[in-house]
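Q: Dropping a structure here in structure tokens format, bear with me for questions.
Please treat every number below as a calculation from the coordinates, not as lab data. Not measured: the values here are computed from a predicted model. With ideal geometry, Cβ positions are generated from the backbone for all residues, glycine too; neighbour counts draw on all protein chains shown.
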Amino acid sequence: MKPIVRIATARTPDGGEMVLYQHDSDFSIKINGQELMHSRHHESELELARLGCAHLDGCKAPIILIGGLGMGYTLRQALDMLSPHAQVVVGELLGAVVEWNREFLGELNGQPLGDERVDLKTGDIVDLISRSKNRFDSILLDIDNGPKAMTDSGNRRLYGGEGIRACRRALREQGCLAVWSAEPSKKFEQLLMSCNFHVRRFRVPAYRGSKSQSRFVWVASEDKIALPPGGGEPRLPFKNGSKGSRKRPRNRR
């Protein structure tokens, strides 16, 4: 059996230790000993792109933003779906993740950073989104561990009201925001709806064929027709605390 090799390390903004491991042809990244991502468990990252870009089928020159490079799976799937004239902006906070993709991980996905449609930006994704009014046809967010931050506590700003409202302003008409998460979150769903989004929730496998390990993708849009079919439709609770869909008022004659 081949050993697990520690091949690179870096520090997160919070001062944690981020480590890249290799085992045969597989790679994993851990933060303070806790696994953040694994090259075998990438089906949900592909689904993020499939769901978030489904409405762009046939679009000649879409512009999308991918927040979080990861191991490049979401980027690869998006590039495969989009037209030759598309532009894909990738925002990544950690320079080490970019370096690891170029040096070690690019072969997993055919070196997607080398695609001429890719515009790589390093730095705070919220600042990038805030400067991009009415620019993107899709925003795909796979930052940290989802709304529950693990790598950088500052990522909570992205998944709070400020960040979601900035995303809404950055989207074009009929644009979609898709958000990956390791865990379900009714609180986050309600935040999306309170920011005037229609929302679909999708439970997706962590890796192909998995029935026991699931991840979650929310797709949100101001235009309900732009949302992909299927999934669940979250509901805001009544003001009195009870939950459920509101009854339609009877027609007056």
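Q: Chymotrypsin sites (Phe, Trp or Tyr not before Pro) within the stretch 196-231: which are DSSP loop residues with at most 16 other Cβ atoms inside 10 Å?
A: Those satisfying the criteria are Tyr207.
Q: Here's something else I'd like to know. Please report the antiparallel percentage of the DSSP beta bridges confined to the stretch 86-244, to the nearest 5.
A: 60
Q: Moving on to the next point. About the Cα centre of the chain, what is the dipole size in debye to 20, counting +1 per Lys and Arg Cβ and -1 per Asp and Glu Cβ, all else neutral? Please list the in-between numbers first.
A: Numbers: 39 positive and 30 negative charges, 429 e Å.
Magnitude of the dipole: close to 2060 debye.
Q: Please identify the longest segment of the chain free of exposed GluC sites (Glu not before Pro), where exposed means a DSSP state other than H, G, I, E or B and no more than 16 other Cβ atoms within 10 Å.
A: No qualifying site falls inside 1-115, the longest such stretch.
Q: Can you list residues whose amide H is under 5 Å from Met37's amide H, if they're 5+ apart or on another chain and H is modeled 1.01 Å from N?
A: Ile29
Q: Which value, to two decimals, describes the C-alpha radius of gyration of the stretch 1-65 once divided by 2.2 N^0.38 Å?
A: Ratio of Rg to 2.2 N^0.38 Å for the stretch 1-65: 1.54.
Q: Determine the alpha carbon to alpha carbon distance for each of Lys60/Lys187; Lys121/Lys148; Lys2/Lys148; Lys60/Lys224; Lys121/Lys211; Lys30/Lys224 and list only those over 28 Å.
A: In this structure, Lys60/Lys187; Lys2/Lys148; Lys121/Lys211; Lys30/Lys224 lie more than 28 Å apart at Cα.
Q: Measuring from label point to label point, each 7 Å out along Cα→Cβ, what is the Leu236 to Arg208 span in nm?
A: 4.1
Q: Is the C-alpha gyration tensor of the chain telling us rounded, prolate or oblate? Criteria: a/c under 1.5 is rounded; beyond that, a/b larger than b/c is prolate, otherwise oblate.
A: Prolate, because a/c is 1.5 or more and a/b exceeds b/c.
Q: Of the options Asn109, His42, Ser194, report the single residue whose Cα projects farthest towards the positive end of the charge dipole of the chain (beta-carbon charges: Lys, Arg +1; Asp, Glu -1).
A: The residue sitting most towards the positive pole is Ser194.
Q: Dividing the Cα convex hull volume of the stretch 64-135 by residue count, how many Å³ per residue is that?
A: Dividing the Cα hull volume of the stretch 64-135 by its residue count gives 77 Å³.
Q: Asp124's amide H: which non-local residues (gap 5+, or another chain) put their own amide H closer than 5 Å, with H modeled 1.01 Å from N in plane and none for Pro or chain starts?
A: Excluding prolines and chain starts, which carry no amide H, there are no hits.
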